[in-house]
Amino acid sequence: MRPCKSLAALIAAAAVLSTAACGGSNAGSATPAPSSASSSNTNSGGAPKVEQPITNTSGFEADPCSVIPAASVETAGGKVDRTKVENSSTDKTCAWIFTSGGNFSGSLVTGNTHGLDGVYLQHRSGVITYFKPQPAIQGYPAVVYDRGQPAPGRCNLAVGIRDDLTYTIVTQLMRESPAYADPCGLATKLAGAAISHMKGQ
C-alpha cells in the first residue's frame, strides 16, 4: 500500500484562513450578501445557522480519533489498519488508514472560528472554486468543497456543528477501496457517525 500523503496537506483546505473570512481582498467575483429576509437563518457569509449546536467538544478536540468509534468507521469504510494523529498549530487531525487502500482524516477545525461560514466566505471570494452545499446531516448543515476539481477518491466535506466550529472529513481513497467511486458518500456516513457520537446518541 502506498504511504498516505501528509495529513497537513490533506486538511489544508479545511483550515479556512480567518483573514479571508474577515474580508481580506482576494481575486474572484463576490456573490451578493444574503438578503435581509434570510439573515435570521443564515450567517453573514450565507452559511445556514446551526440550530442545535454541539457545545461539549473539548475532549474530542484533544483526542480526534475518539470522534468516530472504530466499529462505525469499519462499518462505513472497511477494515482499518491503523490510526495516526497529526498536530498543527491550532488543530489535531486523526487519520484512519484502511487495509483496502487509502485513508480519511477528520478534524474539529478550531483554527477557523467562522465555522462553516468561513468556507462560504472563501467560496464567495474565489479561493474555493468547487462548492456544493449538501443536504443537512442529522440536521447539521454541510458542504463539499475544494480549491479545484476534486481528484478521484477524494472528498472534502465540512459540517457545521456550531456557528464557530466545523467537523471536516477529507477522504483520499485508492482504487482498491470499495468507496472509491463515491468518496463523498463515505464522508457523509462518517460525518453522521461523528455527530451521533459527539451528541452521545
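For segment 148-201, what does the relative contact order come out to in percent, with C-alpha contacts under 8 Å and a separation of six or more?
33
Compute the signed sum of charges (Lys and Arg +1, Asp and Glu -1) over the other residues within less than 13 Å, Cβ to Cβ, of Glu74.
Neighbourhood net charge equals +2.
I'd like to know how segment 138-200 sits against the 2.2 N^0.38 Å rule of thumb: what's its Cα Rg over that expected value?
So segment 138-200 has a normalised radius of gyration of 1.14.
Could you state the number of Å between the C-alpha centres of segment 38-110 and segment 148-201?
The distance from the Cα centre of segment 148-201 to that of segment 38-110 comes to 8 Å.
Around Tyr130, what is the net charge, scoring Lys/Arg as +1 and Asp/Glu as -1 over all other residues with Cβ under 10 Å from its Cβ?
Taking every other residue near Tyr130 into account, the sum is +1.
Laboratory data are not the source of any read-out in this text; all were calculated from the coordinates shown. Quick caveat: nothing in here was measured; it's all calculated off a predicted structure. Glycine gets a Cβ as well: all are built from the backbone with ideal geometry, and neighbour counts include every protein chain shown.
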